[in-house]
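Report on the structure given below.
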Amino acid sequence: MSVNLEDGIDFEEALLLLSQTMIVVMIGFINPWLNVSVPKDVRIRMQKSPLLGAIFVFALAFSYTRSIAHSLLIVFLYFYMKTMFIKLYSRGT
């Protein structure tokens, strides 16, 4: 789906633009070459934030699926699978 500015921007197009912008911003904070000016304690807090994780997963999913409901389901499944993997691999230590 592309954004057509000639007929105005509807909700899904605006959400797509915001999602793609969020992905670029989050990658900018993660990438060591791009985050030189970001203090280390801010980066650590951002990496540990479940809210930012959920926003990033939603933005990535919405950019791919273009469906709000599908993207919300992916966010739920992401946290479920993340918890299951942590439990699975924490048993061995």
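Read-outs: derived from the displayed coordinates by stated rules, not from any lab. Everything numeric here is computed off the predicted structure, so don't read it as measured data. As a convention, Cβ positions derive from the backbone with ideal geometry for all residues, glycine included, and neighbour counts pool all protein chains shown.
Is it possible to state the helix-based mean residue ellipticity at 222 nm for the chain, with each DSSP H run of 4+ residues giving -39500 (n - 2.57), the sum divided by total residues, to the nearest 500 deg cm²/dmol? What is it? Can you show the working numbers first?
Numbers: 4 runs with 68 residues, N = 93.
After summing the helix terms and dividing by residue count, I get -24500 deg cm²/dmol.
Under the 0.36 nm per residue contour assumption, what length would be gained going from the current alpha-carbon distance of residue 66 and residue 79 to full extension?
Values: separation 13, 0.36 × 13 = 4.68 nm, distance 2.02 nm.
Extending this stretch completely gives an extra 2.7 nm.
Quick one: grab the alpha carbon gyration tensor of the chain, order the square roots of its eigenvalues as a ≥ b ≥ c, and give me rounded if a/c is under 1.5, else prolate or oblate depending on whether a/b is larger than b/c.
Numbers: a/c = 3.37, a/b = 1.39, b/c = 2.42.
Oblate, because a/c is 1.5 or more while a/b does not exceed b/c.
For labels at residue 91 and residue 48 in the simple 7 Å Cα→Cβ model, what's the distance in nm?
2.8
Residue separation times 0.36 nm, minus the C-alpha to C-alpha distance between residue 33 and residue 9: what's the value? If you can, show how the numbers build up before the last one.
Working: separation 24, 0.36 × 24 = 8.64 nm, distance 3.36 nm.
Computed gain between residue 33 and residue 9 is 5.3 nm.
Pick out the long, greasy-scoring helices in the chain: whole DSSP H runs spanning 24 Å or more along their own axis by Cα, mean Kyte-Doolittle at least -0.5. Kindly include the intermediate steps, with their values, before the conclusion.
Details: long enough: 11-30 (28 Å, 1.80); 68-90 (33 Å, 1.29).
Length and hydropathy pass: 11-30, 68-90.
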